[in-house]
Amino acid sequence: MADLKKFLVRRLITFIPTLIGATFLVFLVAVVVPADPARLWAGGEKADPRVVELLRKEYHLDEPIWVQYYYFMVNLITNRMVSPVTHENVWSTILERLPVTLQLALFSFTLVVAVGVPLGIIAALKRDTIVDYLIRAFAAIGMSMPIFWFAYILIFVFYTNLGWTTLAGNPTPAKTITGLPILDAILLGDWRTVCQIVERFWLPSLVLAWPSIGFVARLVRNSFLDAMSADFVEYIIARGLPKTTLYKHVLRNALVPVVTVLGLIFGGLLAGAPITETIFALPGIGMLMIQSIQNYDYLTLIGGVFFIGLIYLTINLVVDILYAIIDPRIRY
Amino acid sequence: MTGRDPIIVVRDLHVYFYTHAGIVRAVDGISFTVYRGETFCLVGETGCGKSVTAKALARIVPPPGKIVKGEIIFYPEPGKPIDVTKLGEKELERIRGRLIAYVFQDPSAALDPLYTVGYQLAETVKHHGIVKSFKEGFQLAAKLFRKVLMPDADERVKAYPHELSGGMKQRSVIAISLSTEPKLLIADEPTTALDVTVQAQVMDVLKRLKEEKNLTLILITHNMGLVAEMCDRVAVMYAGKIVEEAPVDELFKQPLHPYTKMLLQAVPDPSRRVERLESIPGSVPNPLNLPPGCRFHPRCPHALKRCREEEPPEVYVSPSHRVVCWLYAGGRRG
Ligand SMILES: Nc1ncnc2c1ncn2[C@@H]1O[C@H](COP(=O)(O)OP(=O)(O)OP(=O)(O)O)[C@@H](O)[C@H]1O
Ligand SMILES: [Mg+2]
């Protein structure tokens, strides 16, 4: 456990430079674009010069990049950063959008695990049969299918023709407990809202999960086969242990690489899905970032980047800890 | 040698691998008998089919390998034969581990890296009904680890394989394999993967436990020194066939088959302090494409015309010494 503490401290120390690096890069890109942000924010051509001047002062736009960046970060972390475009606190905007993104990520992740992992295991058990070939083909197609095209086909089938999904609104139960609508609805026993949420989210989640399902299926298949061909399998059979014991050992060994990838996939899903959220009009963090880019609201954009970086690093940390729990060979 | 009470009788065993490249005739018609209580050795160069033969005995040959022909009669008790080739999967599970146990070459690979060695012993004895719970299994593990002279046995039970040295891993494998009190132990090059210094210690443990538990041991090895030290009878394999079988003293004193002679020459004689290893010229034939006639003829210094064309006969030069070679076909003695 002392090892774990040291490990956490070490990881926290690398956290900060990583976050600074990521946000600074985006900041740099935003700032070098030859535009006058203060004028844009103040209303473009007809902007009141006094307001422009005020904005320049407020956001230190006349000072060197790193000074701008410094003030920006300090304001962001102390929660005093207000977007000049939306006039809202950046953190509040992000946190407001979080439930949608989190919900989408949870649904997608459930699909990835519930479909990808079993498909991979079936493919491995039925290796080199028609079932295996079909699953592998499905995985390859899933991974290479462009999401926007695929999404519109599905919308056409399930919304336009079948009406099995809704494409607008963001259903929430009457009361908030945790802030996550689906969880609150379940806690309140509000099954109507649960149904509405599922109806609204299943299709975008499927679209978002699709490439990862194929990827995970392929990974699980290969690592399962690797584990099956390990020498300890032969020794388990030689000891006369039953199939259930054999598969228990094989599965746990096969899961070691899968857990890492699943963790990264979850991080990726949480990091927002700009395309999916935009197509399905889901007001999540991905959509927020697209809107910020369109409005030249780079302060909100970088707030988003900072938030995503934070999530990504945290999930990485959790994955590393999980990894050490499954695999005793891993040392902190 | 103990009585003439056979524990396993193999007759005309054929094990083929059906690969994309063709049929690999890894074991191609071998017969031998192992008697209760003895140590029987299988020797031969790499790839000659020793491991496949060993795995066939409890039917653990991996696919695409198949026993295509032959009988394996196993006598768990004297006079109670079981034909292993005719058993179903459930009956095999009862024989494996419980009656016929294995120790493989590489203990690092044989153990699951994600479970403690004690757990792997406990799950084995629990499954075979030797103990009732995992807790008792762990207690038994500690006891057996002391038996294989594992240092700090009580602590090592809780160790993961990667926390143990090669020798300690092989000791735990031996403890696991013997935990079910099998009748027949098949040790496939049990010390090859270990440091020279630990090899002797591990072999000592095996030898002592064999005596103590009145086990029958089938030992597969490249090491002629080990053969001389451990074995009662030896079978020499070449390209999927047994070419000679004899009691160990006789084989060393009077090897008949040219291949056996070469094998023995290839070993530095410890009494003469020869440093040079006379390796055998040529190499084992490709099992996909075996030469006609005697499989050894391309490398044999005494090859006759007939060796290239006809399979050699099995000649018993004495009731316990047989050789498969044209040189002895006329009842002539080497
Ligand atoms: N899974 C497999 N698929 C195809 N061929 C195999 C397989 N396992 C073994 N063989 C073939 O069977 C033959 C005998 O192999 P085996 O492992 O019994 O040799 P061995 O005598 O034990 O050699 P070594 O001393 O190296 O352990 C080899 O030619 C090998 O190519
Ligand atoms: Mg072998």
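The values are calculated or read from the model by the stated rules, or taken from the named source; none is laboratory data. Computed from a prediction, not measured in an experiment: that's the story for all the values here. All Cβ positions, glycine included, derive from the backbone under ideal geometry; neighbour counts span all protein chains shown. Please note that ligands, DNA and RNA were not included when accessible areas were found on the heavy atoms of the full protein model with its side chains. Shrake-Rupley method; radii C 1.70, N 1.55, O 1.52, S 1.80 Å.
List of remarks:
- Straight-line reach from A:Lys175: taking Cα to Cα under 14 Å and skipping same-chain neighbours fewer than 8 places apart, the aspartates and glutamates in range are A:Asp184, A:Asp190.
- Accessible area per residue for chain A is 51 Å², calculated with a 1.4 Å probe on protein heavy atoms, without ligands, DNA or RNA.
- Protection proxy ranking for A:174-181, B:4-11, A:302-309, using the average of other Cβ atoms within 10 Å per residue and placing the highest first: A:302-309, B:4-11, A:174-181.
- Under 19 Å from the Cα of A:Lys57 - aspartates and glutamates, other chains or at least 8 residues apart: A:Asp36, A:Asp48, A:Glu88, A:Asp297
- Contact order, relative form, for the stretch A:95-331: 28 percent (alpha carbon pairs under 8 Å, 6 or more residues apart, mean separation divided by residue count).
- When the charge dipole of the stretch A:95-331 is built from unit charges on Cβ atoms (+1 for Lys and Arg, -1 for Asp and Glu) and taken about the Cα centre, the candidate among A:Ala168, A:Ile311, A:Tyr298 whose Cα reaches farthest toward its positive end is A:Ile311.
- Members of the stretch B:48-83 that become less accessible by 30 Å² or more once partner protein chains are added (1.4 angstrom probe, chain alone as reference): B:Ile60
- Based on Cα contacts under 8 Å between residues 6+ apart, the stretch B:13-96 shows a relative contact order of 30 percent.
- Protein heavy-atom surface of the stretch A:95-331, 1.4 angstrom probe: 70% of the accessible area is carbon and sulfur, with nucleic acids and ligands not counted.
- Stokes-Einstein diffusion coefficient of the protein assembly as shown, Kirkwood radius over Cα pairs, 37 °C, 0.692 mPa s, in µm²/s: 107
- With K and R counted +1 and D and E -1, the other residues having a Cβ less than 11 Å from that of B:Asp188 yield a net charge of -1.
- Of B:Lys80/B:Lys135; A:Lys5/B:Lys132; A:Lys248/B:Lys143; A:Lys243/B:Lys158, pairs whose Cα-Cα distance is over 31 Å: B:Lys80/B:Lys135; A:Lys5/B:Lys132
- In the stretch A:102-175, the chymotrypsin sites (Phe, Trp or Tyr not before Pro) that fall in loop regions by DSSP, at most 13 other Cβ within 10 Å: A:Trp164
- Inter-chain Cβ neighbour count for B:122-135, averaged per residue, equals 2 (cutoff 10 Å, partner chain atoms only).
- Filter on B:Lys169/B:Lys207; B:Lys147/B:Lys183; B:Lys90/B:Lys210; B:Lys90/B:Lys183; B:Lys50/B:Lys213; B:Lys147/B:Lys213 - keep pairs with C-alpha separation over 21 Å: B:Lys90/B:Lys210; B:Lys50/B:Lys213
- Shape of the stretch A:246-332, Cα gyration tensor, a/c cut at 1.5: oblate
- For the chain pair A and B, buried accessible area totals roughly 2300 Å², probe 1.4 Å, rounded to the nearest 100.
- In the stretch A:232-251, burial by the other protein chains removes 30 Å² or more of 1.4 Å probe accessible surface, compared with the chain on its own, from A:Phe232, A:Glu234, A:Tyr235, A:Ile237, A:Ala238, A:Arg239, A:Gly240, A:Leu241, A:Pro242, A:Lys248, A:His249.
- In the context of the full set of protein chains, chain B has a per residue accessible area of 44 Å² (1.4 Å probe).
- Averaging the sequence gap over all C-alpha pairs within less than 8 Å and six or more residues apart, then dividing by the number of residues, gives chain B a relative contact order of 19 percent.
- Portion, in percent, of the accessible area of chain B that falls on carbon or sulfur, probe 1.4 Å: 52
- Among A:Thr244, A:Thr129, A:Thr278, the residue with the largest mean-square fluctuation in a Gaussian network model of chain A, with springs joining Cα atoms closer than 10 Å, is A:Thr244.
- Packing-based ranking, highest mean first, of A:20-26, A:211-217, B:79-85 given that Cβ atoms within 10 Å are counted: A:211-217, A:20-26, B:79-85
- Listed by chain and number, the lysines whose alpha-carbon sits under 27 Å from that of B:Lys305, ignoring those within fewer than 8 places in the same chain, are B:Lys241, B:Lys261.
- Threshold 50 Å² - residues in the stretch A:317-331 whose accessible area is reduced by that much or more when the chain is no longer isolated, probe 1.4 Å: A:Pro328, A:Arg329
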